[in-house]
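Engineer: The structure is given below, and queries will be raised subsequently.
The values are calculated or read from the model by the stated rules, or taken from the named source; none is laboratory data. Quantities reported herein were computed from a predicted structural model and do not represent experimental measurements. We place every Cβ from the backbone using ideal geometry, glycine too, and count neighbours over all the protein chains shown. Accessible surface is based on the protein model in full, side chains and every heavy atom, while ligands, DNA and RNA are left aside. Shrake-Rupley method; radii C 1.70, N 1.55, O 1.52, S 1.80 Å.
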Amino acid sequence: RTTDFHFRWQVKQRAAQWAAEAGLTEDNEQAQAWQSQVCDGAGVPLTADRTMGALAGLVASRVAREFHFGGPSHSVCSEDTSGLHALEVALRALRMQELDVALAGAVDLNGDLRSLLANDAVRHYSRSGRARPFDAAADGAIPGEGAACLVLKRLADAERDGDRIYAVIRGVGTASGTTSGSRLPAQAAYEQALARAYADADVAPASVDRKSTRLNSSHVALSRM
């Protein structure tokens, strides 16, 4: 939407020039009508309501207000790690006893084709059409759309309330950093994020496998209420 607004503004600035090149003067009613038509064809005009809808930072508070949620609400923007950071914020609040229940969600949209082309020019999408995170053969991400929202509670609370528990989050780790001259994450950032996750979960890396089920009361549960 923001891209459309910018496009409309650019068209509006150039419409007068195009009208003059077509032999239409600015005080000519036909020229003014033509300029308005060109702008409307480029996109909808910016209004107060559309401005609110285009501000991503307000999304969380609008959702909270619509469903009458209490407590703080945050919008987290960190490109493709936004959802992970939102989850981390929720986990910290639960552990600090600031909340008893938290909702952590993420939305990803393909967006405007112009935005996709710009992103691909900086960091190529996968030419094979396959997303293979943490794989040595990975050749990039792929555009996709989706939305998810998790209900989070402390494990002891979820068990006490008889909630259906889908997963237990034992630890989370995040880090940032890119390779010099590239937007790709640096190896050191990957290693630091994993080290933080292991430390947060209080487990040794070598002890983690698909069959690990050891739990304790400090864990946070992903549940369905």
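Engineer: Leaving out ligands, DNA and RNA but keeping every protein chain, what accessible area does residue 124 have, in Å² rounded to the nearest 10, with a 1.4 Å probe?
Structural biologist: 110
Engineer: Something else: Can you pull the accessible area of residue 9 for me, 1.4 Å probe, Å² to the nearest 10?
Structural biologist: Per-residue accessible area (residue 9): approximately 100 Å².
Engineer: Same structure, new question: Pull out the extension gain between residue 115 and residue 164, defined as 0.36 nm times the separation in residues minus the alpha carbon to alpha carbon distance; nm, one decimal.
Structural biologist: Contour length minus the Cα-Cα distance gives 13.6 nm.
Engineer: Assign unit charges at the C-beta atoms only (+1 for Lys and Arg, -1 for Asp and Glu), then state the dipole size of the stretch 1-159 relative to its Cα centre in Debye, rounded to the nearest 20.
Structural biologist: About 320 debye.
Engineer: On a full-extension model of 0.36 nm per residue, what is the gain between residue 96 and residue 145, subtracting their alpha-carbon distance, rounded to one decimal in nm? It would help to have the intermediate numbers written out before the result.
Structural biologist: On the way: separation 49, 0.36 × 49 = 17.64 nm, distance 3.29 nm.
The span from residue 96 to residue 145 would gain 14.3 nm if fully extended.
Engineer: Determine ³J(HN,Hα), in whole Hz, for all residues of the stretch 16-23 in sequence, where each value follows from phi through the Karplus function 6.51 cos²θ - 1.76 cosθ + 1.60 and θ = phi - 60°; x replaces Gly and Pro.
Structural biologist: After applying 6.51 cos²θ - 1.76 cosθ + 1.60, I find 4, 5, 5, 5, 5, 5, 8, x Hz.
Engineer: Continuing with the same structure: Which GluC sites (Glu not before Pro) in the stretch 77-156 sit in a loop by DSSP (not H, G, I, E or B) and have at most 13 other Cβ atoms within 10 Å of their own Cβ?
Structural biologist: Sites meeting the loop and neighbour criteria: 79, 98, 145.
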